[in-house]
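Down below is the structure, laid out as structure tokens.
The values are calculated or read from the model by the stated rules, or taken from the named source; none is laboratory data. It should be emphasised that the depicted structure is a prediction, and the values quoted were computed from it without experimental measurement. Every residue, glycine as well, gets a Cβ built from its backbone with ideal geometry; the counts of neighbours run over all protein chains shown. Surface areas here come from the heavy atoms of the whole protein model, side chains and all, with no ligands, DNA or RNA. Shrake-Rupley method; radii C 1.70, N 1.55, O 1.52, S 1.80 Å.
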Amino acid sequence: MRLVLMGAPGSGKGTQGVLISRRLSVPQIATGDILRSEIQSGTPLGLKANEFVGRGEYVSDELMLGIIESRLVQPDTAGGFILDGFPRTIPQAQGLDRVLGRLGIRLDAVVKLDVSKKALIERMVSRRVCPGCAAVYNIRTNPPKAEGVCDRCGRQLGLRTDDTEETVKKRLLLYEVTTAPLIDYYDGQGLLVIVLAEGKIDDVAELIERTLDQRAGKSRPGPA
Ligand code: AMP
């Protein structure tokens, strides 16, 4: 299964991406995580991206396409992948189409997670991340077992530098203007699947699974 997971910042792409990736045994390719890791390691790519990420702006299409192209030729993507946070602009989507064309593969679906703006802001300011393993928590709805400590690797959790209220508002605006047009782009390709994603993590995961199964023609019984 080759999927794109899209939605506004805070819509749960990262959280749902991990769950889908485990269920389908395909890698989750999260461009935000890739950039944060490059920034943390101080690589040339990280140095280029740092200012943009910190300000809540987009890194250039050229740089992002380079990252994706080199990731999609890795052998672990042969059985499929989940793109989380990419593409974010029409030129990135067109570039992705060209890359996939060269590789002789196609997307199976683009899942758009729908969450109200109020819930998005609440989620982002309550978000805590692990600087070690990139695990994501929400202090209200999905807290770690011990306060402020990562369940998976024991590191101290922190805020993302771009999760301040001011930057969050800027990122939401950028999403509306630059990324939301992708909804029509992928609808036009017959790939778009919209999933209401305001419920609990497991319920949303179940809904995504059922929607994708239905799309693939397998019918599973709904909830009683
Ligand atoms: P995310 O973790 O997906 O919210 O991404 C964090 C930040 O990384 C974004 O606010 C952008 O600054 C940058 N970023 C991630 N993916 C992309 C992309 N596809 N295009 C441009 N910038 C990106």
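At-a-glance table
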read-out: LEU173 open to solvent by 60 Å² or more (accessible area, probe 1.4 Å) and farther than 22 Å from ILE39 by Cβ; value: yes
read-out: Residue match in the stretch 165-186 (condition: within 24 Å of ARG128 (Cα to Cα), more than 16 Å from the ligand (Cβ to nearest atom), part of a helix (DSSP H, G or I) and out of contact with any Lys or Arg (no Cβ under 9 Å at 6 or more places or on another chain)); value: no
read-out: Scan of the stretch 47-88 for residues that are near the ligand (Cβ under 8 Å from one of its atoms), in contact with a Leu (Cβ under 8 Å, 6 or more places away or on another chain) and open to solvent by 60 Å² or more (accessible area, probe 1.4 Å), ordered by number; value: GLU57, ARG88
read-out: Tabulated pairs, the stretch 60-72, first within 15 Å of GLN94 (Cα to Cα) and in contact (Cβ under 8 Å) with a residue 24 or more places away in the chain, second of a type outside the set (S, T, N, Q) and open to solvent by 50 Å² or more (accessible area, probe 1.4 Å), C-beta under 7 angstrom, 6+ apart or interchain; value: ASP61/PRO91
read-out: Of all residues in the stretch 134-166 being within 18 Å of the chain's Cα centre (by Cα) and modelled with pLDDT of 90 or more, the one that is most open to solvent (accessible area, probe 1.4 Å); value: LEU159
read-out: Any pair with Cβ under 8 angstrom, 6 or more apart, that starts in the stretch 90-107 at a residue that is without any contact (Cβ under 8 Å) to a residue 60 or more places away in the chain and ends at one that is aliphatic (A, V, I, L, M) and open to solvent by 50 Å² or more (accessible area, probe 1.4 Å); value: LEU103/VAL73
read-out: Every residue from the stretch 200-224 that is at pLDDT 90 or above and assigned to a loop (DSSP other than H, G, I, E, B); value: LYS200
read-out: Members of the stretch 98-108 found to be out of contact with any helix residue (DSSP H, G or I) (no Cβ under 6 Å at 6 or more places or on another chain) and either open to solvent by less than 60 Å² (accessible area, probe 1.4 Å) or among the hydrophobic types (A, V, I, L, M, F, W, C) (or both), listed by number; value: LEU100, GLY101, LEU103, ILE105, LEU107
